[in-house]
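The values are calculated or read from the model by the stated rules, or taken from the named source; none is laboratory data. On a predicted model such as this, the values are computed, not experimentally measured, just so you know. Here the Cβ is made from the backbone with ideal geometry for all residues, glycine too, and neighbour counts use every protein chain on show.
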Amino acid sequence: MRKSTAALSALALSAFVLTGCSSAPTFDGVACDRDSSATLASSVQVSGDIGAPAASLEAQVRTGHMTYTDLIVGDGRAISSDAQSAIMTRVLLNGDTGAQIHAAVNLWSPESADAELPGVDKALECATAGSRVAVALPAKDLPEGMAAQVGIGDNGSLVAIYDIQYTLRPKAEGRDVFNDARGLPTVVRAPDGRPGIIIPDSAAPEKAVVQTLIEGDGETVADGTPLFLHTAVRWADRSVAGTTWDSGPIFDTSKLPEDALKAISEATVGSQLLVVVPGEGGDATAYVIDVLGIVPAELLQK
């Protein structure tokens, strides 16, 4: 597998820092309906393919509370929990003038989007990949100082357009695989999928060990750029060497050992892997990796 130094193309943009029925999508296991605003839909004009929105206003947008509308409804995987990430293009407009304030592409979850713009999480619940969602937020609900910074009056609103280009799995999902775990770490999982790694009292293996704990039903990573979560625990002192479960999925494989990279390249999306890599002096590091997606090729820098 090639080591990927590719980045999401628009991540080169600077960060924006400011002082139902049974078949319906579910959020945290509860079926939910999308509550679209017809008024907002008639006020916003967005053209272009998903991921390349060209947005303008047909009419001034004023609202006293967060409203949203689905301008396009995609048929891809739904966002089903607060922490589930998706690759999105996000465009911000002044609701009075229609002027574009900022545009970016990033990995957002409802939780991280809400941290940037309070209230947006509700607009992303149960939204599906391939969708285009318009959101209006009143100035009073924006982070302190933001409205004045971007030229929105006290009674004005901010309009955000989210193009949901690719939705990751929320955690490893698939078929549990039986392995002979004698002398190897045991992996337990919290309800949200976060793994716990229990190191045995036996000596660390002298050769690398790779086991598939959950076999996902997605496509094989191969030479693609994987999106994944991982936790690493040192064998000798059972300390956590690193985890991305607190910061969210990553696609940078540069800090993983070759044995882990090879295991990821041979895995399918949705899989969970246990990789034990020997170190010096009889030590080792155990990695548990959840493969949650593959960055679409068109989003990679050339």
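On the stretch given as the stretch 144-163, residues that are touching a helix residue (DSSP H, G or I) at 6+ places or on another chain (Cβ under 8 Å) and either in the same structural domain as H230 (by TED's automatic domain parsing) or in a loop (DSSP other than H, G, I, E, B) (or both) total 5.
Taken over the stretch 259-302, the criterion of being of a type in the set (D, E) and either assigned to a strand (DSSP E or B) or at pLDDT 95 or above (or both) is satisfied by D259, E266, D290. On inspection, A208 qualifies as touching a strand residue (DSSP E or B) at 6+ places or on another chain (Cβ under 7 Å), over 17 Å from T186 (Cβ atoms) and surrounded by 13 or more Cβ atoms within 10 Å (Cβ to Cβ). Taken over the stretch 233-245, residues that are in a loop (DSSP other than H, G, I, E, B) and either within 15 Å of D290 (Cα to Cα) or among the hydroxyl-bearing types (S, T, Y) (or both) amount to 3.
Residues in the stretch 52-80 that are hydroxyl-bearing (S, T, Y) and surrounded by 18 or more Cβ atoms within 10 Å (Cβ to Cβ) were compared, and the one that is farthest from S36 (Cα to Cα) is S80. Can we say D252 is within 17 Å of the chain's Cα centre (by Cα) and part of a loop (DSSP other than H, G, I, E, B)? Judged against the criteria, D252 is a match.
For (1) touching a Phe, Trp or Tyr at 6+ places or on another chain (Cβ under 9 Å); (2) among the basic types (K, R); (3) not in a loop (DSSP other than H, G, I, E, B), each residue gets a yes or a no:
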position: E173; (1), (2), (3): no, no, no
position: A181; (1), (2), (3): no, no, no
position: S202; (1), (2), (3): no, no, no
position: V210; (1), (2), (3): no, no, yes
position: I214; (1), (2), (3): no, no, yes
position: F228; (1), (2), (3): yes, no, yes
position: T231; (1), (2), (3): yes, no, yes
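Once the stretch 169-185 is narrowed to residues that are modelled with pLDDT of 95 or more and surrounded by fewer than 16 Cβ atoms within 10 Å (Cβ to Cβ), the residue that is farthest from G281 (Cα to Cα) is R175. The set of residues from the stretch 235-272 being in contact with an Asp or Glu (Cβ under 7 Å, 6 or more places away or on another chain) and farther than 17 Å from I214 by Cα comprises W235, A236.
Being at pLDDT 95 or above, under 20 Å from A181 (Cβ atoms), in contact with a helix residue (DSSP H, G or I) (Cβ under 9 Å, 6 or more places away or on another chain) and among the hydrophobic types (A, V, I, L, M, F, W, C) holds for only one residue in V233, V209, and it is V209.
Has the stretch 247-266 got any residue that is touching a helix residue (DSSP H, G or I) at 6+ places or on another chain (Cβ under 7 Å), surrounded by 19 or more Cβ atoms within 10 Å (Cβ to Cβ) and farther than 20 Å from G183 by Cβ? Checked the stretch 247-266: at least one residue is touching a helix residue (DSSP H, G or I) at 6+ places or on another chain (Cβ under 7 Å), surrounded by 19 or more Cβ atoms within 10 Å (Cβ to Cβ) and farther than 20 Å from G183 by Cβ. If the condition is being within 18 Å of S85 (Cα to Cα) and either part of a loop (DSSP other than H, G, I, E, B) or touching a Pro at 6+ places or on another chain (Cβ under 6 Å) (or both), then the stretch 121-143 contributes D121, L124, E125, C126, A127, A129, G130, S131.
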